[in-house]
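Asker: One structure is given below, represented as structure tokens, and several questions about it will come after.
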Number of protein chains: 2
Amino acid sequence: MLAAAANPAILARQPIPVRGELPDSPLAMMGAPMRFARNAEVYGEDEPADYLYQVMSGAVRTYRMLDDGRRQVVAFYLPGDIFGVEAGDVHLASAEAISESQVLVVKRSAVMARAEHERDLSKELWTLTVRELQRVQQHSLVLIKNAEERVAGFLLEMAGRGTASAAVELPMSRQDIADYLGLTIETVSRTFTQFVQSGLIALETSRRIQFRNRAALNRLNA
Amino acid sequence: MLAAAANPAILARQPIPVRGELPDSPLAMMGAPMRFARNAEVYGEDEPADYLYQVMSGAVRTYRMLDDGRRQVVAFYLPGDIFGVEAGDVHLASAEAISESQVLVVKRSAVMARAEHERDLSKELWTLTVRELQRVQQHSLVLIKNAEERVAGFLLEMAGRGTASAAVELPMSRQDIADYLGLTIETVSRTFTQFVQSGLIALETSRRIQFRNRAALNRLNA
DNA sequence: CGCTGAATTGACGGACATCAAGATGTGTGG
DNA sequence: CCACACATCTTGATGTCCGTCAATTCAGCG
């Protein structure tokens, strides 16, 4: 149904620790920033979930594979976003850098230990999990819509993050978007051109989308 | 796309407190059992989430509506299952009794207060949320599969709960199943008969399914 | 028994996947 | 700086799965 991305291992370099600005967050100062190359794996499905992560720059995708090769992208994480918080002791999804990225890596046990007596941090973690739950629930609502609605919703979702301007920069490929929306790359592409032709958006480059008629997009996002 | 269920208000009686056996759980003895008629609402989307619930008998569905009338069933809850735990202050989904049901209702504040100093209960709540997150994530994987795979997965999922015998009793209608799987009632029905014809299952009644070839179903559940 | 909602079955069409070819963009080495 | 290679994206032609519309059967219940 959906084509899997080609094995990215060739492109992936090993992550190496870097020093940079620390984001303002409950996790700051508790961990080490690491650098990940495009398509480098941050962690794999079923690996022990010993760390929490926060995107400092770049972008990260999490995904799960169906054994016939289909891929479901679970989420995209942008600068500031925390990921890897999942429930049990192991990760439910794999995580990869979409582009060259800096990620703050924090020992889970350290966070949990501090959360024991710091009510704020504890609450923050809870909120995080809850928000993630909401996000995934929202996502499963998306998957019963038609292609037009899914793509419109996706664009608005991406626009809602980052600086809300008249344009969005998409860090991910059409294949990533397709696997996120449960469509094929061709359908995503066709829907984009259809939006362009109806004057809803304009493509500065294939990765940079200008909004021309946000109201119409919102209407599709039913 | 998907037909919404007819307004069930006519069938729904007001819940009335009942006395019965309390289930063995961290919530037992903290709340009052209530009785809900078939299709009666337990709570509505966007209502304050002041209570937690545990199914004692019967079955409950949670769902969300798209404004064009399509319905997405989020989850089915069977005896023993706890529901209504969602994140914020309001419910993200509505909950209805599928059949005549007894539900244990517990004040959320009471549970939370007790969780403050009872580490076990606190941990239990966390685990519950995490498991819910896993379930929803699993569910969004389901929605990218084809009809055959979705129905096979559903049957195995239902079989995995309750007593694992050679047959499952489905408390919910075809419409519920369809809205859970993101299919139409007709497609669900056709897939059932297709499974019957290929000898994977047998229908004792339309709601009672016997497994005839579990291996083949597992294969479909890729 | 007849009424009513639930489930099944059939005929048909449409939205999206698949297969295939081209166009565009990007990094690399000469 | 150009040219080649390769990945990404777009566009077209065709097929198919599943949704829609409609009729029939089945099960439960007064």
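The values are calculated or read from the model by the stated rules, or taken from the named source; none is laboratory data. Bear in mind that the values here come from a model prediction, so they are computed numbers and not experimental data. Positions of Cβ are generated from backbone atoms using ideal geometry, with glycine treated the same way; all protein chains shown enter the neighbour counts.
Asker: Within segment B:157-164, is even one residue among the hydrophobic types (A, V, I, L, M, F, W, C) and closer than 17 Å to residue A:140 by Cβ? Don't jump to the end; show me each part of the working.
Answerer: The first filter runs over segment B:157-164 and keeps only residues among the hydrophobic types (A, V, I, L, M, F, W, C), leaving B:158-159, B:164.
This time we only want the ones that are closer than 17 Å to residue A:140 by Cβ, so: none.
Checked against the condition, which is being among the hydrophobic types (A, V, I, L, M, F, W, C) and closer than 17 Å to residue A:140 by Cβ, segment B:157-164 yields no hits at all.
Asker: Within segment A:186-222, can you find the residues that are within 14 Å of chain B (Cβ to nearest Cβ) and over 22 Å from the mean Cα position of the chain (by Cα)?
Answerer: A:219, A:220, A:222
Asker: Hey, among the residues in segment A:203-222 that are of a type in the set (D, E, K, R) and closer than 13 Å to residue A:167 by Cβ, which one's farthest from DNA strand C (Cβ to nearest atom)?
Answerer: Going through segment A:203-222, the residues of a type in the set (D, E, K, R) turn out to be A:204, A:207-208, A:212, A:214, A:219.
Remaining after also requiring closer than 13 Å to residue A:167 by Cβ: A:204, A:207-208, A:212, A:214.
Numbers: A:204: 10, A:207: 7, A:208: 10, A:212: 19, A:214: 21 Å.
The extreme case among them is A:214.
Asker: Please work out if residue B:115 is more than 20 Å from residue B:222 (Cα to Cα), among the hydrophobic types (A, V, I, L, M, F, W, C) and either within 11 Å of DNA strand C (Cβ to nearest atom) or within 14 Å of another protein chain (Cβ to nearest Cβ) (or both). Walk me through how you get there before you give the answer.
Answerer: Working: more than 20 Å from residue B:222 (Cα to Cα): yes; among the hydrophobic types (A, V, I, L, M, F, W, C): yes; either within 11 Å of DNA strand C (Cβ to nearest atom) or within 14 Å of another protein chain (Cβ to nearest Cβ) (or both): yes.
Against the criterion (more than 20 Å from residue B:222 (Cα to Cα), among the hydrophobic types (A, V, I, L, M, F, W, C) and either within 11 Å of DNA strand C (Cβ to nearest atom) or within 14 Å of another protein chain (Cβ to nearest Cβ) (or both)), residue B:115 qualifies.
Asker: Which of the residues that make up segment B:60-83 are more than 14 Å from chain A (Cβ to nearest Cβ) and surrounded by fewer than 21 Cβ atoms within 10 Å (Cβ to Cβ)?
Answerer: Quick first cut of segment B:60-83, residues more than 14 Å from chain A (Cβ to nearest Cβ) only: B:60-61, B:76-82.
Residues satisfying the conditions are B:78, B:79, B:80, B:81.
Asker: For segment A:140-155, how many residues meet the condition of being within 24 Å of residue B:94 (Cβ to Cβ) and either near DNA strand C (Cβ under 10 Å from one of its atoms) or without any contact (Cβ under 8 Å) to a residue 60 or more places away in the chain (or both)?
Answerer: Within segment A:140-155, the first condition is being within 24 Å of residue B:94 (Cβ to Cβ), and the residues that meet it are A:140-146, A:149-150, A:153.
Filter again for either near DNA strand C (Cβ under 10 Å from one of its atoms) or without any contact (Cβ under 8 Å) to a residue 60 or more places away in the chain (or both), leaving A:140-146, A:149-150.
Total satisfying the criteria: 9.
Asker: If you don't mind, another one. Just to be sure before I move on: is residue B:142 in contact with a strand residue (DSSP E or B) (Cβ under 7 Å, 6 or more places away or on another chain) and more than 7 Å from chain A (Cβ to nearest Cβ) in the structure I sent? Outline the logic, then answer.
Answerer: Numbers: in contact with a strand residue (DSSP E or B) (Cβ under 7 Å, 6 or more places away or on another chain): no; more than 7 Å from chain A (Cβ to nearest Cβ): yes.
Judged against the criteria, residue B:142 is not a match.
Asker: While we're looking at this one, here's another question. Can you list residue pairs whose Cβ atoms sit under 9 Å apart, with the first residue in segment A:159-174 being farther than 12 Å from residue A:211 by Cβ and the second being at pLDDT below 90 and not hydroxyl-bearing (Ser, Thr, Tyr)? Count only pairs 6 or more apart in sequence or on different chains.
Answerer: A:169/A:162; A:173/A:5
Asker: Out of everything in segment A:127-152 that is within 20 Å of residue A:74 (Cβ to Cβ) and more than 17 Å from the chain's Cα centre (by Cα), what residue ends up being farthest from DNA strand D (Cβ to nearest atom)?
Answerer: Pass one, segment A:127-152, residues within 20 Å of residue A:74 (Cβ to Cβ): A:127-145, A:147, A:149-151.
Remaining after also requiring more than 17 Å from the chain's Cα centre (by Cα): A:127, A:141, A:144-145, A:147, A:149.
Working: A:127: 33, A:141: 15, A:144: 8, A:145: 11, A:147: 12, A:149: 13 Å.
Restricting to residues being within 20 Å of residue A:74 (Cβ to Cβ) and more than 17 Å from the chain's Cα centre (by Cα), the top hit is A:127.
Asker: Considering only segment A:71-91, state which residues are among the aliphatic types (A, V, I, L, M), over 29 Å from residue B:112 (Cβ atoms) and part of a loop (DSSP other than H, G, I, E, B).
Answerer: Hit for segment A:71-91 is A:78, nothing else.
Asker: Further, regarding this structure: Kindly provide the set of residues from segment B:213-222 that are in contact (Cβ under 8 Å) with a residue 60 or more places away in the chain, surrounded by 14 or more Cβ atoms within 10 Å (Cβ to Cβ) and assigned to a helix (DSSP H, G or I), ordered by number.
Answerer: Listed by number, the residues that qualify are B:217, B:220.
Asker: Same structure, new question: Inside segment B:185-202, can you point out the residues that are surrounded by fewer than 16 Cβ atoms within 10 Å (Cβ to Cβ), of a type outside the set (S, T, N, Q) and either closer than 15 Å to residue B:172 by Cβ or more than 6 Å from DNA strand C (Cβ to nearest atom) (or both)? Break it down into steps so the answer makes sense when it comes.
Answerer: We begin by selecting, within segment B:185-202, every residue surrounded by fewer than 16 Cβ atoms within 10 Å (Cβ to Cβ); these are B:186, B:190, B:193-194, B:196-199, B:202.
From what's left, of a type outside the set (S, T, N, Q): B:186, B:190, B:196, B:199, B:202.
Passing the criteria: B:196, B:199, B:202.
Asker: Condition first: under 14 Å from residue B:31 (Cβ atoms) and within 14 Å of chain A (Cβ to nearest Cβ). Now tell me which residues in segment B:86-110 satisfy that.
Answerer: Filtering segment B:86-110 for residues under 14 Å from residue B:31 (Cβ atoms) gives B:102-110.
The one that is under 14 Å from residue B:31 (Cβ atoms) and within 14 Å of chain A (Cβ to nearest Cβ): B:108.
Asker: Here's a follow-up. Within segment A:6-13, does at least one residue satisfy the condition of being within 16 Å of DNA strand C (Cβ to nearest atom), modelled with pLDDT of 95 or more and of a type in the set (Gly, Ala, Ser)?
Answerer: no
Asker: Within segment A:191-212, how many residues are free of Cβ contacts under 8 Å to residues at least 40 places away in the same chain and within 7 Å of DNA strand D (Cβ to nearest atom)?
Answerer: 4
Asker: Residue under question is residue B:170, and the condition is that it be surrounded by 14 or more Cβ atoms within 10 Å (Cβ to Cβ), among the hydrophobic types (A, V, I, L, M, F, W, C) and either away from DNA strand C (no atom under 11 Å from the Cβ) or at pLDDT below 95 (or both); does it hold?
Answerer: On the way: surrounded by 14 or more Cβ atoms within 10 Å (Cβ to Cβ): yes; among the hydrophobic types (A, V, I, L, M, F, W, C): yes; either away from DNA strand C (no atom under 11 Å from the Cβ) or at pLDDT below 95 (or both): no.
Judged against the criteria, residue B:170 is not a match.
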